[in-house]
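Data block below; observations after.
The values are calculated or read from the model by the stated rules, or taken from the named source; none is laboratory data. Here the structure is a predicted model, which means the values were calculated and not measured. Counting neighbours? That spans all protein chains shown, and the Cβs are built from the backbone with ideal geometry, glycine included.
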Amino acid sequence: MTTVLFAAWEPDKAELNGQTTGDVSNVLCSTFSYIPFPDFSALTSALSAKPLGYFQARSLSGQVSTFAGTATKLWKLDNTTLTWEDVSKSATTYAANDDAQWCFEQFGEYVVAVNINDNPQVFHLGVSTDFDNLAGSPPKAAFVKAWGDFLCLMQLATDASAVHWSALNDITGWTIGTDNSDTQSFPEGGAVQGSSRATNPLIFMERAIYLGTFVPGSSIIFSFVKIHDKRGAKSPYSIASRGENTFFADEGSFFQIAADGSIADIGFEKVSRTIFGQLASSDIGSMVGAIDPFYSRAYWTMDIGGTGSFNTILTYDWLLQRWSKASQVNYGIFPAATAGYTLEGLDAVSSSLDALPYSLDSKVWQGGAPVLAAFNSTYQMGFFNGQPKEAVITTQEQGDITGGVTLISSVYPVVDNDNCTIAIGTRFKRGQTVSYTGEITATSATGRFDKLSAARFQRVRVTIPAGEDWSQAQGVDITAQPAGRR
């Protein structure tokens, strides 16, 4: 018997007798194993139109507020009824669209929302009932981010390569030269695509990255140094930051950049050639990145195949330095926390405990518990906190390159679930398409999967059905012997 541990998912590499596999789905990485990817469960009512931006804020008192933007409206989630309230500026119809999406940022007790076609909007947490124009006549901009004690607007409507930051600790002060408010137009790199959220921010252009340094007491306020040339963010929405780590997607790969500007190509010869080979240029530019609010995982959701909506979520665990993927139709992912519910408050969600979208011990019902959120195909917001999705994990291909044939007689998945199935993929020549057996179930007496399969090159695919209770998938134990040459 031979135990074959499930290998790292790195579809860019050759699988034959290697240490990687090119076929996993709906799993997350763990040390020397895979764990379930939880299914999406909708929680809220549906928005009236496709979400074009989303954000969650937390007030100083701990109150959670969730916002979303559509083409013509801004919305806030009612935490009790789980319906969306129109909080647009009175008598205002906004002009957001797929090319001018909403971007949100929190600054103290204020939430600011921008898109390049409308005046910047502001909502005072715990005070406002609707958004209103941000005071001080700030410029229209595509993106907004807090830079320490400043609020910065980026990719200005009047200059796509410029940023404009507010007065010190005053988001209503936008007069250049007054109270440290100023602007900077970058001479190289194309349009500004966004930045990290830091006192000394990383500014991403289309084809360059700058490091901004706050200089207290100086007339220049911020100094800027170009730290990477011919490297930027192809998608502005792919930029995701948490603490010292920022992740982004550029043409051809995925990158991790530290606060000091040191950069690592985390997708090179692992997933980048495969994934970017399946994406149209426009779909590269639209992918959305998010960082798990709890675990060491960066996510990107994207449209593979040009379906018109995101259908794949790519996950990178930066501590394990391993990748995985899941299939899920969605209109964007983002880190979120829940408002918290009492048993009485659950009545507003459902009159039946059995009909709740999550189990009672789910983190979703715990106030402030961090969860990855998304909008589904019907524009409902929910969380990836449901039952495990159907998991598919395939071993690397193994075989004798000198022509020997191997006879497999049985397989035992090292998985803590008794309801999984296996299929054996075979081929006699490397140029042939892999042919899989039908799904095989375990024998009741031994728990092994008995199947005679003879071929030069073979792999084992394990499928764990959706909704099954399992926690670890480590590999497969194979009983095999040489079967001569043919």
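Yes/no matrix, rows are residues, columns are (1) crowded, with 20+ Cβ neighbours inside 10 Å; (2) under 30 Å from ALA135 (Cβ atoms); (3) of a type in the set (Asp, Glu); (4) in contact (Cβ under 8 Å) with a residue 60 or more places away in the chain:
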position: GLY18; (1), (2), (3), (4): no, no, no, yes
position: PHE37; (1), (2), (3), (4): yes, no, no, yes
position: ARG58; (1), (2), (3), (4): no, yes, no, yes
position: THR80; (1), (2), (3), (4): no, no, no, yes
position: ASP86; (1), (2), (3), (4): no, yes, yes, no
Here are the criteria: (1) in contact with a Phe, Trp or Tyr (Cβ under 9 Å, 6 or more places away or on another chain); (2) over 27 Å from ASN200 (Cβ atoms). Tell me which single one GLY136 does not satisfy. (2)
Subset of the stretch 86-137, residues over 28 Å from the mean Cα position of the chain (by Cα) and charged (D, E, K, R), comes to LYS89, ASP130, ASP132
Could you list, in sequence order, all residues of the stretch 467-486 that are part of a loop (DSSP other than H, G, I, E, B) and surrounded by 14 or more Cβ atoms within 10 Å (Cβ to Cβ)? GLU468, TRP470, GLN472
Mind listing just one residue for me: the one in the stretch 269-294 that is assigned to a loop (DSSP other than H, G, I, E, B) and within 12 Å of the chain's Cα centre (by Cα) and, of those, farthest from PHE55 (Cα to Cα)? MET287
Qualifying position, being among the hydroxyl-bearing types (Ser, Thr, Tyr), surrounded by fewer than 17 Cβ atoms within 10 Å (Cβ to Cβ) and more than 25 Å from GLY267 (Cβ to Cβ), among SER166, SER161, SER223, SER181: SER223
Somewhere in the stretch 23-42, is a residue more than 30 Å from ASP317 (Cβ to Cβ), small (Gly, Ala, Ser) and either assigned by TED's automatic domain parsing to the domain that holds PHE384 or assigned to a strand (DSSP E or B) (or both)? no
Can you tell which of ARG297, ARG322, ARG273 is in contact with a Cys (Cβ under 6 Å, 6 or more places away or on another chain), touching a residue at least 24 places away in the same chain (Cβ under 8 Å) and under 29 Å from THR31 (Cβ atoms)? ARG322
Flag if SER195 is under 15 Å from ILE227 (Cβ atoms), among the small types (Gly, Ala, Ser), crowded, with 23+ Cβ neighbours inside 10 Å and in contact with a Pro (Cβ under 9 Å, 6 or more places away or on another chain): yes
Looking for something surrounded by fewer than 18 Cβ atoms within 10 Å (Cβ to Cβ), charged (D, E, K, R) and modelled with pLDDT of 95 or more - is there at least one such residue anywhere in the stretch 110-123? no
Scanning for something in contact with a strand residue (DSSP E or B) (Cβ under 7 Å, 6 or more places away or on another chain), over 23 Å from ILE239 (Cβ atoms) and surrounded by fewer than 16 Cβ atoms within 10 Å (Cβ to Cβ), does the stretch 89-105 turn up at least one residue? no
What strands (runs of 3 or more DSSP E), lying completely within the stretch 181-227, carry at least 3 residues that are of a type in the set (A, V, I, L, M, F, W, C) and either in contact with a helix residue (DSSP H, G or I) (Cβ under 8 Å, 6 or more places away or on another chain) or under 27 Å from ASP170 (Cβ atoms) (or both)? 202-205
